[in-house]
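Peer 1: Shown below is the structure under consideration.
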Amino acid sequence: MQKRNFLKQILGGVAIALATAAPIHAIAADMPGAGVKVQPIKSSIAEETFQTLLVMHALKDLGYDVQPIKEIEYAAGHIALGNGDATFMADHWNPLHVDFYEKAGGDAKLYREGVYSGGALQGYLIDKATADKYKITRIDQLKDPAIAKLFDTDGDGKADLAGCNPGWGCEKVIEHHLDAYGLRDHVTHKQGSYAAIIADTIARHKQGEPIFYYTWTPYWVSGVLVPGKDVTWLQVPFSSLPGERKDVDTSLPDGSNYGFQANNQHIVANRAWAEANPAAAKLFAIMKLSNNDISAQNKRMRDGENKAADIERHVNAWIKGHAATYKGWLDQARAAAK
């Protein structure tokens, strides 16, 4: 009898141990990133916060210790990723940022798999009223002093282009175009705070004045100044890009040529970290966000919902509205860690 009771106690103890061990194992499988620090970075473009926070939320749900975003411009940001001083950036533009990528170590130091958001466009636009009145379709028409003067905002006779912030990458292409298309003496590339410059551009359009600006999609500007309705894309006379891309054809599938290659946005990360964290690496490779979703959220920011709490709410709403997709990302990431 004593042996039987002793055996029951042992078996009971084993059962309890197994019952308590199972949840711990399950937790470990659900949280493959437990205890692993993540340092996200982004540029000074506030509208990149939405995309970055979405990645951060998913990483947190995988157990990673995600730190607050650090702001750093693209060139230095890629170097930080290559050196391991940062973990990931959610807005690497390819091929616009190809030089930044290669200078930071390329594929040997950086991880870039999958497309987070595809088909981003860039280029030059003018208001449709002026385009239609003067039959302006190409940027090299601004070599005509009479045409350039239409977009002169400071009285020097040259067209004023609301341009690209230094350090973003697009400014190098614009500066190259001014020389390639013979526009250096006819166009002034206005730089500084893009947010302030484009706000002034929109204000002048509301007053019925001609406007000439650079922008990209997905971004809220094209929701306010709608191409085909309010504004018109300008074509370039021929493809011309700086550096290693000098022979690249920038024509789009429909034959349009805006002077910039169509870009894909990627999540780029430190390669050594990604290889040590297969769950996160898988997540980076499979996450996808539509241009329409990005533009819609960016427009809400422009309309006043631009506080940290607002953007957090936008991310939570997106996750709730795409629950099956989001769960699928996490499931695949967890499976990759096993």
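Just so you know, all these numbers are worked out from the coordinates, no wet-lab data involved. Being a predicted model, the structure only gives us computed values, none of them experimental. Glycine gets a Cβ as well: all are built from the backbone with ideal geometry, and neighbour counts include every protein chain shown.
Peer 1: Can you tell me how segment 227-312 classifies by the Cα gyration tensor, rounded, prolate or oblate, using a/c under 1.5 as the rounded cut? Mind showing how you got there, number by number?
Peer 2: On the way: a/c = 2.79, a/b = 1.23, b/c = 2.27.
Oblate, since a/c reaches 1.5 and b/c is not below a/b.
Peer 1: What is the Cα radius of gyration of segment 103-179 over 2.2 N^0.38 Å, N being its residue count?
Peer 2: Numbers: Rg = 17.6 Å, N = 77, 2.2 N^0.38 = 11.5 Å.
Relative to the 2.2 N^0.38 Å estimate, segment 103-179 comes out at 1.54.
Peer 1: What dipole magnitude, in Debye to the nearest 20, does the chain give about its Cα centre under +1 on Lys/Arg Cβ and -1 on Asp/Glu Cβ? Intermediate results must be reported in sequence, preceding the final value.
Peer 2: Working: 37 positive and 39 negative charges, 340 e Å.
Computed about the Cα centre, the dipole is about 1640 debye.
Peer 1: Related question: Rounded to the nearest 0.05, what FRET efficiency do Asn94 and Phe238 give with R0 = 25 Å and r taken as the Cβ-Cβ distance? Could you check? Walk me through the numbers before you get to the answer.
Peer 2: Working: r = 23 Å, r/R0 = 0.92.
Given R0 = 25 Å and the Cβ-Cβ separation, E is 0.65.
Peer 1: Determine the principal axes of the Cα atoms in segment 119-245, then give the extent along each, sorted from largest to smallest and rounded to whole angstroms.
Peer 2: Ordered largest first, segment 119-245 gives principal extents of 41, 32, 25 Å.
Peer 1: From the list (i) 35, 21, 20; (ii) 33, 22, 19; (iii) 51, 20, 15, can you say which value of semi-axes √(5λ) of the Cα gyration tensor in Å was derived from the structure given?
Peer 2: Of the listed options (i) 35, 21, 20; (ii) 33, 22, 19; (iii) 51, 20, 15, (iii) comes from this structure.
Peer 1: Taking the Cα centre of segment 119-245 as the origin and placing charges on Cβ (Lys, Arg +1; Asp, Glu -1), which of Cys170, Tyr124, Gly192 is farthest toward the positive end of the dipole?
Peer 2: Projecting each Cα onto the dipole axis, the largest value belongs to Tyr124.
Peer 1: Can I ask one more? With the Cα gyration tensor of segment 165-206 in hand, convert its eigenvalues to equivalent ellipsoid semi-axes via √(5λ) and list them largest first in whole Å.
Peer 2: Numbers: eigenvalues 91, 41, 9 Å².
Taking √(5λ) for each eigenvalue gives 21, 14, 7 Å, largest first.
Peer 1: Which of the trypsin sites (Lys or Arg not before Pro) found in segment 174-268 are in a DSSP loop and have at most 16 neighbouring Cβ atoms, other than their own, within 10 Å? Each step should come with its number before you reach the end.
Peer 2: Numbers: sites: Arg184, Lys190, Arg204, Lys206, Lys229, Arg245, Lys246; in loops: Arg184, Lys229, Lys246.
Hits after loop and neighbour filter: Arg184, Lys229, Lys246.
Peer 1: May I ask what percent, to the nearest 5, of DSSP beta bridges between residues of the chain are antiparallel?
Peer 2: Values: 19 of 32 bridges.
Bridges in the chain that DSSP calls antiparallel: roughly 60 percent.
Peer 1: Full-extension gain between Lys70 and Glu305, please, as 0.36 nm times their residue separation minus the C-alpha to C-alpha distance.
Peer 2: Numbers: separation 235, 0.36 × 235 = 84.60 nm, distance 2.11 nm.
Difference between extended and current length: 82.5 nm.
Peer 1: Identify, among Ala262, Trp233, Tyr134, the residue whose Cα sits farthest towards the positive end of the charge dipole of the chain, taking +1 on the Cβ of Lys and Arg and -1 on the Cβ of Asp and Glu, with the dipole about the Cα centre.
Peer 2: Ala262
Peer 1: What is the sum of charges around Gly192, taking Lys and Arg as +1, Asp and Glu as -1, for the other residues whose C-beta is under 14 Å from the C-beta of Gly192?
Peer 2: Details: positive: Lys190; negative: Asp154, Asp160, Glu171, Asp200.
Local net charge: -3.
Peer 1: Out of all DSSP beta bridges in segment 119-245, what portion is antiparallel? Express it as a percent rounded to 5. Walk me through the numbers before you get to the answer.
Peer 2: On the way: 9 of 16 bridges.
If we restrict to bridges inside segment 119-245, about 55 percent are antiparallel.
Peer 1: Continuing with the same structure: Once you wrap a convex hull around the alpha carbon atoms of segment 181-338, what is its projected area averaged over all directions, in nm²?
Peer 2: Numbers: hull surface 54.1 nm².
In nm², the orientation-averaged hull projection of segment 181-338 is 13.5.
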